[in-house]
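What follows is a short report on a single structure.
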Amino acid sequence: MSSQEKNLANRYVSDLKRYGVSQSQFPNVLRAMVPITLSGIFLALTAIFVAWSQDSFGQEWLIVAVAAVVGGYMALNIGANDVANNMGPAVGGKVLTVIAAVLIAAVCESAGAILAGGDVVKTVSKGIISPGTSIGVSQFRDLMLSALFAAALWINLATILSAPVSTTHSIVGGVLGGGIAASGFALINWITMAQIAASWVISPVFGAACAAAILFFIKKRILNVENRLEAARFWVPVLIALMASAFTAYMAMKGLKKIWSPSLVEIVAYSGAAFLVAYLASRPAVAARTMKLQNRKKDIYGLFDAPLIAGAALLSFAHGANDVANAVGPLAAIVSTVQDHSGIASQVSIPLWVMVVGAIGISFGLGLFGPKLIRVVGQKITRLNSPRAFSVALSAAITVLIATSLGLPVSSTHIAVGAVFGVGFLREFLENPNKRTLRPGHKLNETAEDAFNSLGFRSVRKLVRRRFALSIAAAWFITVPASALLAATLYWLLRLL
(Lines give C-alpha, C1' and ligand atoms only; values in the text may rest on other atoms or scores of the structure.)
Protein backbone atom coordinates (compact mmCIF):
# COMPACT_ATOMS: atom_id res chain seq x y z
CA MET A 1 0.00 0.00 0.00
CA SER A 2 1.35 3.39 -1.00
CA SER A 3 1.75 6.25 1.45
CA GLN A 4 -1.12 8.09 -0.20
CA GLU A 5 -3.42 5.09 0.28
CA LYS A 6 -2.30 4.79 3.93
CA ASN A 7 -3.09 8.44 4.56
CA LEU A 8 -6.48 7.98 2.95
CA ALA A 9 -7.20 4.91 5.10
CA ASN A 10 -6.10 6.73 8.27
CA ARG A 11 -8.36 9.60 7.37
CA TYR A 12 -11.31 7.23 7.04
CA VAL A 13 -10.45 5.66 10.42
CA SER A 14 -10.24 9.09 12.03
CA ASP A 15 -13.58 10.06 10.51
CA LEU A 16 -15.15 6.91 11.91
CA LYS A 17 -13.71 7.62 15.36
CA ARG A 18 -15.02 11.18 15.29
CA TYR A 19 -18.41 9.90 14.19
CA GLY A 20 -18.43 7.37 17.03
CA VAL A 21 -17.56 10.02 19.59
CA SER A 22 -20.26 12.34 18.26
CA GLN A 23 -22.82 9.54 18.44
CA SER A 24 -21.84 8.70 22.02
CA GLN A 25 -22.33 12.35 23.03
CA PHE A 26 -25.79 12.53 21.46
CA PRO A 27 -27.64 11.15 24.54
CA ASN A 28 -25.84 13.70 26.73
CA VAL A 29 -27.02 16.49 24.45
CA LEU A 30 -30.58 15.20 24.71
CA ARG A 31 -30.38 15.11 28.52
CA ALA A 32 -29.09 18.67 28.55
CA MET A 33 -31.85 19.85 26.21
CA VAL A 34 -34.70 18.55 28.37
CA PRO A 35 -34.30 21.06 31.25
CA ILE A 36 -33.63 23.88 28.77
CA THR A 37 -36.80 23.02 26.88
CA LEU A 38 -38.89 22.85 30.06
CA SER A 39 -37.50 26.20 31.14
CA GLY A 40 -38.45 27.68 27.79
CA ILE A 41 -42.00 26.36 28.20
CA PHE A 42 -42.24 27.98 31.65
CA LEU A 43 -41.11 31.35 30.27
CA ALA A 44 -43.47 31.07 27.32
CA LEU A 45 -46.42 30.34 29.61
CA THR A 46 -45.47 33.37 31.71
CA ALA A 47 -45.57 35.60 28.63
CA ILE A 48 -48.88 34.07 27.51
CA PHE A 49 -50.41 34.78 30.93
CA VAL A 50 -49.45 38.45 30.73
CA ALA A 51 -50.77 38.69 27.17
CA TRP A 52 -54.03 37.05 28.23
CA SER A 53 -54.32 39.60 31.05
CA GLN A 54 -53.47 42.59 28.88
CA ASP A 55 -56.76 44.33 29.71
CA SER A 56 -55.38 45.08 33.18
CA PHE A 57 -52.14 46.49 31.74
CA GLY A 58 -53.54 48.47 28.80
CA GLN A 59 -51.34 49.36 25.86
CA GLU A 60 -48.18 48.78 27.88
CA TRP A 61 -48.78 45.06 28.35
CA LEU A 62 -45.79 44.21 26.13
CA ILE A 63 -43.24 45.77 28.49
CA VAL A 64 -44.85 43.84 31.36
CA ALA A 65 -44.64 40.61 29.36
CA VAL A 66 -40.95 41.16 28.59
CA ALA A 67 -40.24 42.02 32.23
CA ALA A 68 -42.17 38.93 33.40
CA VAL A 69 -40.12 36.67 31.13
CA VAL A 70 -36.86 38.19 32.35
CA GLY A 71 -38.07 37.90 35.96
CA GLY A 72 -38.92 34.25 35.39
CA TYR A 73 -35.49 33.71 33.84
CA MET A 74 -33.90 35.30 36.91
CA ALA A 75 -35.98 33.07 39.21
CA LEU A 76 -34.80 29.98 37.32
CA ASN A 77 -31.19 31.00 37.88
CA ILE A 78 -31.77 31.69 41.58
CA GLY A 79 -33.17 28.18 41.96
CA ALA A 80 -30.23 26.70 40.06
CA ASN A 81 -27.52 28.54 42.01
CA ASP A 82 -28.61 30.02 45.32
CA VAL A 83 -30.92 27.31 46.67
CA ALA A 84 -27.99 24.89 46.65
CA ASN A 85 -26.71 26.68 49.75
CA ASN A 86 -29.82 25.63 51.66
CA MET A 87 -29.87 21.93 50.86
CA GLY A 88 -26.15 21.36 50.27
CA PRO A 89 -25.34 20.67 53.96
CA ALA A 90 -28.13 18.08 54.26
CA VAL A 91 -26.95 16.30 51.12
CA GLY A 92 -23.29 16.61 52.15
CA GLY A 93 -24.16 15.16 55.56
CA LYS A 94 -25.74 12.16 53.77
CA VAL A 95 -29.10 12.80 55.41
CA LEU A 96 -31.07 13.60 52.27
CA THR A 97 -30.74 12.40 48.72
CA VAL A 98 -30.56 15.03 46.02
CA ILE A 99 -34.10 14.23 44.85
CA ALA A 100 -35.55 14.49 48.35
CA ALA A 101 -33.70 17.77 48.94
CA VAL A 102 -35.07 19.22 45.71
CA LEU A 103 -38.65 18.28 46.58
CA ILE A 104 -38.49 19.69 50.12
CA ALA A 105 -36.81 22.90 48.96
CA ALA A 106 -39.33 23.42 46.16
CA VAL A 107 -42.29 23.31 48.55
CA CYS A 108 -40.68 25.46 51.25
CA GLU A 109 -39.22 27.99 48.82
CA SER A 110 -42.61 28.53 47.21
CA ALA A 111 -44.36 28.89 50.58
CA GLY A 112 -41.80 31.40 51.84
CA ALA A 113 -41.92 33.46 48.66
CA ILE A 114 -45.71 33.76 48.59
CA LEU A 115 -46.34 34.13 52.34
CA ALA A 116 -43.42 36.22 53.55
CA GLY A 117 -41.66 37.93 50.68
CA GLY A 118 -43.36 41.31 50.51
CA ASP A 119 -41.24 43.62 52.65
CA VAL A 120 -37.92 42.60 51.12
CA VAL A 121 -39.30 43.06 47.61
CA LYS A 122 -40.06 46.68 48.50
CA THR A 123 -36.49 47.17 49.75
CA VAL A 124 -34.88 45.84 46.57
CA SER A 125 -37.18 47.55 44.11
CA LYS A 126 -37.40 50.96 45.78
CA GLY A 127 -34.59 51.29 48.31
CA ILE A 128 -31.38 51.00 46.27
CA ILE A 129 -32.10 54.02 44.07
CA SER A 130 -34.00 57.25 44.74
CA PRO A 131 -35.57 58.23 41.39
CA GLY A 132 -37.24 61.47 42.53
CA THR A 133 -37.64 63.85 39.59
CA SER A 134 -34.26 63.11 37.97
CA ILE A 135 -35.52 60.12 36.00
CA GLY A 136 -38.67 59.48 33.99
CA VAL A 137 -40.94 56.47 34.01
CA SER A 138 -39.53 55.11 30.74
CA GLN A 139 -35.97 55.39 32.02
CA PHE A 140 -36.95 53.75 35.31
CA ARG A 141 -38.44 50.77 33.47
CA ASP A 142 -35.36 50.35 31.30
CA LEU A 143 -33.18 50.61 34.39
CA MET A 144 -35.02 47.86 36.25
CA LEU A 145 -35.24 45.62 33.17
CA SER A 146 -31.53 45.96 32.42
CA ALA A 147 -30.64 45.28 36.08
CA LEU A 148 -32.79 42.15 36.15
CA PHE A 149 -31.49 40.79 32.85
CA ALA A 150 -27.84 41.53 33.73
CA ALA A 151 -28.12 39.74 37.07
CA ALA A 152 -29.79 36.74 35.44
CA LEU A 153 -27.09 36.47 32.77
CA TRP A 154 -24.30 36.67 35.32
CA ILE A 155 -25.83 34.01 37.58
CA ASN A 156 -26.43 31.76 34.57
CA LEU A 157 -22.75 31.99 33.65
CA ALA A 158 -21.70 31.32 37.25
CA THR A 159 -23.95 28.25 37.40
CA ILE A 160 -22.41 26.86 34.22
CA LEU A 161 -18.97 27.32 35.82
CA SER A 162 -20.15 25.66 39.10
CA ALA A 163 -19.53 28.85 41.09
CA PRO A 164 -21.93 29.53 43.99
CA VAL A 165 -22.33 33.31 43.71
CA SER A 166 -24.64 35.68 45.51
CA THR A 167 -27.85 36.39 43.64
CA THR A 168 -28.44 39.35 45.97
CA HIS A 169 -25.06 40.80 45.00
CA SER A 170 -25.99 40.28 41.37
CA ILE A 171 -29.29 42.16 41.47
CA VAL A 172 -27.95 44.93 43.71
CA GLY A 173 -24.99 45.37 41.36
CA GLY A 174 -27.39 45.41 38.41
CA VAL A 175 -29.58 48.11 39.95
CA LEU A 176 -26.48 50.05 40.93
CA GLY A 177 -24.98 49.94 37.43
CA GLY A 178 -28.27 50.71 35.72
CA GLY A 179 -28.92 53.61 38.08
CA ILE A 180 -25.53 55.16 37.43
CA ALA A 181 -26.00 54.76 33.67
CA ALA A 182 -29.45 56.36 33.86
CA SER A 183 -28.68 59.44 35.90
CA GLY A 184 -25.19 59.34 37.37
CA PHE A 185 -24.06 58.68 40.90
CA ALA A 186 -26.56 61.11 42.44
CA LEU A 187 -29.42 58.66 41.73
CA ILE A 188 -28.04 56.03 44.13
CA ASN A 189 -29.34 55.89 47.68
CA TRP A 190 -25.93 55.52 49.34
CA ILE A 191 -27.38 55.10 52.83
CA THR A 192 -29.30 52.02 51.73
CA MET A 193 -26.25 50.75 49.81
CA ALA A 194 -24.12 51.17 52.94
CA GLN A 195 -26.63 49.13 54.96
CA ILE A 196 -26.65 46.41 52.30
CA ALA A 197 -22.84 46.39 52.11
CA ALA A 198 -22.64 46.10 55.89
CA SER A 199 -25.00 43.14 55.80
CA TRP A 200 -22.69 41.43 53.29
CA VAL A 201 -19.91 41.52 55.88
CA ILE A 202 -22.10 40.74 58.86
CA SER A 203 -23.86 37.80 57.21
CA PRO A 204 -20.94 35.37 56.77
CA VAL A 205 -19.31 36.38 60.06
CA PHE A 206 -22.51 35.93 62.04
CA GLY A 207 -23.33 32.72 60.18
CA ALA A 208 -19.88 31.29 60.91
CA ALA A 209 -19.96 32.29 64.57
CA CYS A 210 -23.48 30.95 65.08
CA ALA A 211 -22.72 27.61 63.37
CA ALA A 212 -19.49 27.20 65.32
CA ALA A 213 -21.29 27.94 68.60
CA ILE A 214 -24.04 25.39 67.88
CA LEU A 215 -21.54 22.69 66.88
CA PHE A 216 -19.34 23.46 69.91
CA PHE A 217 -22.38 23.05 72.15
CA ILE A 218 -23.29 19.73 70.51
CA LYS A 219 -19.75 18.42 70.88
CA LYS A 220 -19.32 19.47 74.50
CA ARG A 221 -22.76 18.47 75.74
CA ILE A 222 -23.55 15.40 73.64
CA LEU A 223 -20.75 13.91 71.52
CA ASN A 224 -17.73 14.27 73.81
CA VAL A 225 -19.24 13.17 77.10
CA GLU A 226 -18.89 9.75 78.71
CA ASN A 227 -22.57 8.79 78.48
CA ARG A 228 -23.60 10.08 75.07
CA LEU A 229 -26.98 8.36 75.02
CA GLU A 230 -28.10 9.98 78.24
CA ALA A 231 -26.88 13.39 77.07
CA ALA A 232 -28.69 12.96 73.74
CA ARG A 233 -31.92 12.06 75.49
CA PHE A 234 -31.77 15.38 77.33
CA TRP A 235 -30.32 17.84 74.80
CA VAL A 236 -31.60 16.73 71.36
CA PRO A 237 -35.26 17.42 72.33
CA VAL A 238 -34.12 20.86 73.55
CA LEU A 239 -32.54 21.63 70.17
CA ILE A 240 -35.66 20.48 68.35
CA ALA A 241 -37.81 22.64 70.63
CA LEU A 242 -35.60 25.69 70.05
CA MET A 243 -35.99 25.24 66.31
CA ALA A 244 -39.78 24.95 66.60
CA SER A 245 -39.90 28.06 68.79
CA ALA A 246 -37.82 30.10 66.33
CA PHE A 247 -39.94 29.01 63.37
CA THR A 248 -43.16 29.91 65.23
CA ALA A 249 -41.82 33.36 66.13
CA TYR A 250 -40.86 34.00 62.52
CA MET A 251 -44.23 32.95 61.17
CA ALA A 252 -45.99 35.16 63.73
CA MET A 253 -43.85 38.19 62.90
CA LYS A 254 -43.51 37.80 59.13
CA GLY A 255 -45.06 34.80 57.46
CA LEU A 256 -48.70 35.35 58.41
CA LYS A 257 -48.75 39.12 58.92
CA LYS A 258 -51.04 39.64 55.90
CA ILE A 259 -53.85 37.89 57.77
CA TRP A 260 -52.68 38.15 61.40
CA SER A 261 -50.80 40.84 63.35
CA PRO A 262 -50.01 39.51 66.84
CA SER A 263 -48.63 41.63 69.64
CA LEU A 264 -45.24 41.01 71.23
CA VAL A 265 -46.88 39.24 74.15
CA GLU A 266 -48.75 36.92 71.79
CA ILE A 267 -45.57 36.15 69.85
CA VAL A 268 -43.74 35.22 73.05
CA ALA A 269 -46.69 33.11 74.21
CA TYR A 270 -47.02 31.17 70.96
CA SER A 271 -43.26 30.64 70.71
CA GLY A 272 -43.17 29.34 74.26
CA ALA A 273 -46.07 27.02 73.51
CA ALA A 274 -44.30 25.73 70.40
CA PHE A 275 -41.17 25.07 72.45
CA LEU A 276 -43.14 23.11 75.04
CA VAL A 277 -45.13 21.09 72.50
CA ALA A 278 -42.06 20.21 70.43
CA TYR A 279 -40.07 19.25 73.52
CA LEU A 280 -42.83 17.03 74.93
CA ALA A 281 -43.38 15.39 71.54
CA SER A 282 -39.73 14.78 70.69
CA ARG A 283 -38.51 13.64 74.10
CA PRO A 284 -40.21 10.20 74.10
CA ALA A 285 -39.32 9.67 70.45
CA VAL A 286 -35.64 10.38 71.06
CA ALA A 287 -35.66 8.25 74.23
CA ALA A 288 -37.19 5.31 72.38
CA ARG A 289 -34.63 5.53 69.61
CA THR A 290 -31.64 5.76 71.94
CA MET A 291 -32.70 2.48 73.52
CA LYS A 292 -31.68 0.77 70.28
CA LEU A 293 -28.34 2.58 69.90
CA GLN A 294 -24.86 2.00 71.25
CA ASN A 295 -22.84 4.64 73.07
CA ARG A 296 -20.90 5.62 69.95
CA LYS A 297 -20.65 8.93 68.11
CA LYS A 298 -21.77 7.49 64.79
CA ASP A 299 -24.93 6.14 66.39
CA ILE A 300 -25.67 9.54 67.94
CA TYR A 301 -25.31 11.23 64.55
CA GLY A 302 -28.58 9.71 63.39
CA LEU A 303 -30.52 11.59 66.08
CA PHE A 304 -29.79 14.83 64.23
CA ASP A 305 -31.29 13.67 60.93
CA ALA A 306 -34.85 14.81 61.67
CA PRO A 307 -33.80 18.17 63.18
CA LEU A 308 -31.51 18.72 60.20
CA ILE A 309 -34.33 18.14 57.73
CA ALA A 310 -36.52 20.55 59.70
CA GLY A 311 -33.70 23.09 59.75
CA ALA A 312 -33.15 22.78 56.00
CA ALA A 313 -36.88 23.26 55.43
CA LEU A 314 -36.86 26.33 57.68
CA LEU A 315 -33.88 27.72 55.78
CA SER A 316 -35.61 27.18 52.45
CA PHE A 317 -38.72 28.94 53.69
CA ALA A 318 -36.64 31.92 54.83
CA HIS A 319 -34.70 31.92 51.56
CA GLY A 320 -37.91 32.01 49.57
CA ALA A 321 -39.11 34.97 51.64
CA ASN A 322 -35.82 36.83 51.31
CA ASP A 323 -34.45 36.05 47.85
CA VAL A 324 -37.65 36.06 45.84
CA ALA A 325 -37.04 39.83 45.88
CA ASN A 326 -34.08 39.30 43.58
CA ALA A 327 -36.34 37.83 40.91
CA VAL A 328 -39.53 39.87 41.20
CA GLY A 329 -38.45 43.11 42.91
CA PRO A 330 -37.60 44.94 39.67
CA LEU A 331 -40.57 43.24 37.99
CA ALA A 332 -42.89 44.55 40.70
CA ALA A 333 -41.42 48.03 40.24
CA ILE A 334 -42.13 47.93 36.49
CA VAL A 335 -45.68 46.66 37.03
CA SER A 336 -46.31 49.47 39.53
CA THR A 337 -45.41 52.10 36.91
CA VAL A 338 -47.87 50.54 34.46
CA GLN A 339 -50.77 50.26 36.89
CA ASP A 340 -50.13 53.65 38.54
CA HIS A 341 -50.11 56.18 35.69
CA SER A 342 -49.25 59.04 38.06
CA GLY A 343 -45.57 58.06 37.84
CA ILE A 344 -43.14 56.17 40.02
CA ALA A 345 -45.06 55.26 43.17
CA SER A 346 -43.52 55.70 46.59
CA GLN A 347 -44.91 52.33 47.69
CA VAL A 348 -44.88 49.17 45.56
CA SER A 349 -47.97 46.99 45.58
CA ILE A 350 -46.93 43.38 45.00
CA PRO A 351 -49.46 41.52 42.81
CA LEU A 352 -49.97 37.86 43.68
CA TRP A 353 -49.14 36.70 40.17
CA VAL A 354 -45.71 38.39 40.41
CA MET A 355 -44.92 36.44 43.58
CA VAL A 356 -46.16 33.22 41.95
CA VAL A 357 -43.86 33.72 38.95
CA GLY A 358 -40.91 34.07 41.32
CA ALA A 359 -41.90 31.08 43.44
CA ILE A 360 -42.51 28.73 40.51
CA GLY A 361 -39.38 29.90 38.70
CA ILE A 362 -37.18 29.24 41.74
CA SER A 363 -38.70 25.77 42.15
CA PHE A 364 -38.24 24.92 38.48
CA GLY A 365 -34.66 26.16 38.47
CA LEU A 366 -33.88 24.11 41.55
CA GLY A 367 -35.35 20.92 40.15
CA LEU A 368 -33.88 21.27 36.65
CA PHE A 369 -30.42 22.72 37.32
CA GLY A 370 -29.85 22.75 41.10
CA PRO A 371 -28.40 19.27 41.89
CA LYS A 372 -25.02 20.19 40.38
CA LEU A 373 -24.32 23.01 42.83
CA ILE A 374 -25.98 21.20 45.73
CA ARG A 375 -23.15 18.67 45.53
CA VAL A 376 -20.55 21.44 45.24
CA VAL A 377 -21.71 23.28 48.37
CA GLY A 378 -22.21 20.12 50.41
CA GLN A 379 -18.86 18.46 49.68
CA LYS A 380 -16.16 20.91 48.55
CA ILE A 381 -15.47 23.10 51.58
CA THR A 382 -15.24 20.65 54.49
CA ARG A 383 -16.47 17.18 55.34
CA LEU A 384 -19.94 17.22 56.86
CA ASN A 385 -21.95 14.81 58.97
CA SER A 386 -25.38 15.18 60.56
CA PRO A 387 -24.41 17.35 63.59
CA ARG A 388 -22.20 19.60 61.46
CA ALA A 389 -24.81 19.97 58.75
CA PHE A 390 -27.47 20.61 61.39
CA SER A 391 -25.34 23.41 62.84
CA VAL A 392 -24.91 24.95 59.39
CA ALA A 393 -28.61 24.76 58.54
CA LEU A 394 -29.84 26.15 61.86
CA SER A 395 -27.26 28.94 61.87
CA ALA A 396 -28.08 29.97 58.30
CA ALA A 397 -31.81 29.88 59.07
CA ILE A 398 -31.47 32.10 62.13
CA THR A 399 -29.35 34.62 60.24
CA VAL A 400 -31.70 34.79 57.26
CA LEU A 401 -34.74 35.12 59.53
CA ILE A 402 -33.19 38.05 61.37
CA ALA A 403 -32.26 39.76 58.11
CA THR A 404 -35.71 39.20 56.63
CA SER A 405 -37.32 40.66 59.74
CA LEU A 406 -35.19 43.79 59.27
CA GLY A 407 -36.00 43.98 55.56
CA LEU A 408 -32.35 43.66 54.50
CA PRO A 409 -31.55 41.82 51.24
CA VAL A 410 -28.65 39.81 52.65
CA SER A 411 -26.83 37.13 50.75
CA SER A 412 -27.89 33.62 51.65
CA THR A 413 -24.79 32.42 49.82
CA HIS A 414 -22.54 34.34 52.21
CA ILE A 415 -24.50 33.11 55.21
CA ALA A 416 -24.49 29.43 54.27
CA VAL A 417 -20.90 29.33 53.06
CA GLY A 418 -19.79 31.31 56.11
CA ALA A 419 -21.56 28.78 58.34
CA VAL A 420 -19.79 25.88 56.60
CA PHE A 421 -16.44 27.59 57.08
CA GLY A 422 -17.30 28.24 60.73
CA VAL A 423 -17.90 24.53 61.26
CA GLY A 424 -14.70 23.60 59.45
CA PHE A 425 -12.48 26.03 61.34
CA LEU A 426 -14.01 24.98 64.66
CA ARG A 427 -13.04 21.40 63.83
CA GLU A 428 -9.48 22.53 63.12
CA PHE A 429 -9.32 24.49 66.37
CA LEU A 430 -10.62 21.63 68.50
CA GLU A 431 -8.38 19.03 66.89
CA ASN A 432 -5.25 21.23 67.00
CA PRO A 433 -5.38 22.96 70.39
CA ASN A 434 -1.60 23.44 70.87
CA LYS A 435 -0.25 24.32 67.46
CA ARG A 436 2.98 25.89 68.67
CA THR A 437 4.02 23.05 70.94
CA LEU A 438 3.36 20.51 68.20
CA ARG A 439 5.74 22.06 65.69
CA PRO A 440 8.77 19.87 64.86
CA GLY A 441 11.17 22.69 65.76
CA HIS A 442 9.77 22.77 69.28
CA LYS A 443 10.01 19.04 69.81
CA LEU A 444 13.02 17.42 71.51
CA ASN A 445 14.34 14.31 69.82
CA GLU A 446 16.28 11.38 71.31
CA THR A 447 18.52 10.84 68.30
CA ALA A 448 19.51 12.58 65.07
CA GLU A 449 17.46 10.04 63.14
CA ASP A 450 14.38 11.00 65.13
CA ALA A 451 15.04 14.66 64.37
CA PHE A 452 15.16 14.00 60.62
CA ASN A 453 12.01 11.88 60.77
CA SER A 454 10.13 14.58 62.67
CA LEU A 455 10.49 16.99 59.74
CA GLY A 456 7.64 15.20 58.02
CA PHE A 457 5.40 15.55 61.05
CA ARG A 458 2.14 17.35 60.28
CA SER A 459 1.59 19.77 63.14
CA VAL A 460 -1.85 21.00 62.02
CA ARG A 461 -4.60 19.11 60.23
CA LYS A 462 -6.19 21.16 57.48
CA LEU A 463 -9.91 20.43 57.56
CA VAL A 464 -11.03 23.32 55.33
CA ARG A 465 -10.14 23.58 51.67
CA ARG A 466 -8.43 26.97 51.41
CA ARG A 467 -8.20 26.92 47.63
CA PHE A 468 -11.95 26.59 47.37
CA ALA A 469 -12.31 29.49 49.79
CA LEU A 470 -10.18 31.65 47.50
CA SER A 471 -12.27 30.77 44.45
CA ILE A 472 -15.48 31.61 46.32
CA ALA A 473 -14.05 34.94 47.52
CA ALA A 474 -12.97 35.78 43.96
CA ALA A 475 -16.47 35.04 42.65
CA TRP A 476 -18.01 37.21 45.36
CA PHE A 477 -15.63 40.06 44.57
CA ILE A 478 -16.31 39.96 40.83
CA THR A 479 -20.10 39.65 41.05
CA VAL A 480 -21.04 43.25 41.89
CA PRO A 481 -18.82 45.04 39.34
CA ALA A 482 -19.55 42.48 36.63
CA SER A 483 -23.34 42.71 37.00
CA ALA A 484 -23.14 46.51 37.31
CA LEU A 485 -21.10 46.87 34.12
CA LEU A 486 -23.37 44.46 32.27
CA ALA A 487 -26.49 46.31 33.47
CA ALA A 488 -25.08 49.67 32.39
CA THR A 489 -24.34 48.27 28.92
CA LEU A 490 -27.82 46.78 28.61
CA TYR A 491 -29.41 50.05 29.76
CA TRP A 492 -27.62 52.04 27.06
CA LEU A 493 -28.69 49.47 24.46
CA LEU A 494 -32.33 49.71 25.59
CA ARG A 495 -32.23 53.49 25.38
CA LEU A 496 -30.84 53.28 21.86
CA LEU A 497 -33.69 50.97 20.86
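The values are calculated or read from the model by the stated rules, or taken from the named source; none is laboratory data. Values in this document were obtained by computation on a predicted structure and should not be read as measured data. Positions of Cβ are backbone-derived with ideal geometry, glycine not excepted, and every protein chain shown enters the neighbour counts. Keep in mind that these areas ignore ligands, DNA and RNA; they rest on the heavy atoms of the full protein, side chains included. Shrake-Rupley method; radii C 1.70, N 1.55, O 1.52, S 1.80 Å.
Condition test on V400, is it open to solvent by less than 10 Å² (accessible area, probe 1.4 Å), at pLDDT below 75, of a type in the set (A, V, I, L, M, F, W, C) and outside any helix (DSSP H, G or I)? So V400 does not fit the description; no. When restricted to residues that are assigned to a helix (DSSP H, G or I) and polar (S, T, N, Q), the range 264-316 contains 4.
In the range 218-239, of all residues being of a type in the set (V, I, T) and open to solvent by less than 20 Å² (accessible area, probe 1.4 Å), the one that is farthest from the chain's Cα centre (by Cα) corresponds to I222. Residue selection: A113 fails the criterion of being at pLDDT below 85, under 30 Å from I300 (Cβ atoms) and crowded, with 24+ Cβ neighbours inside 10 Å.
The residue pairs whose first member lies in the range 161-182 and is more than 25 Å from I374 (Cβ to Cβ), whose second member is not in a helix (DSSP H, G or I), and whose beta carbons are closer than 7 Å, counting only pairs six or more residues apart or on different chains, are V175/I128; V175/I129; L176/I128; L176/I188; G179/I129; G179/I188; I180/I188; A182/I135. Beta carbons closer than 6 Å, at least 6 apart along the sequence or on distinct chains, never pair a first residue in the range 48-63 that is at positive phi with a second that is part of a helix (DSSP H, G or I) and open to solvent by 100 Å² or more (accessible area, probe 1.4 Å). In the range 194-217, is there at least one residue being assigned to a helix (DSSP H, G or I) and either over 27 Å from N85 (Cα atoms) or in contact with an Asp or Glu (Cβ under 7 Å, 6 or more places away or on another chain) (or both)? Looking through the range 194-217, none of the residues is assigned to a helix (DSSP H, G or I) and either over 27 Å from N85 (Cα atoms) or in contact with an Asp or Glu (Cβ under 7 Å, 6 or more places away or on another chain) (or both). For the range 170-185, a tally of residues being open to solvent by 10 Å² or more (accessible area, probe 1.4 Å), more than 23 Å from A475 (Cβ to Cβ) and in a helix (DSSP H, G or I) returns 4. Report yes if F425 is at pLDDT 85 or above, surrounded by fewer than 20 Cβ atoms within 10 Å (Cβ to Cβ), in a helix (DSSP H, G or I) and among the aromatic types (F, W, Y), otherwise no. When the stated conditions are applied, F425 passes them.
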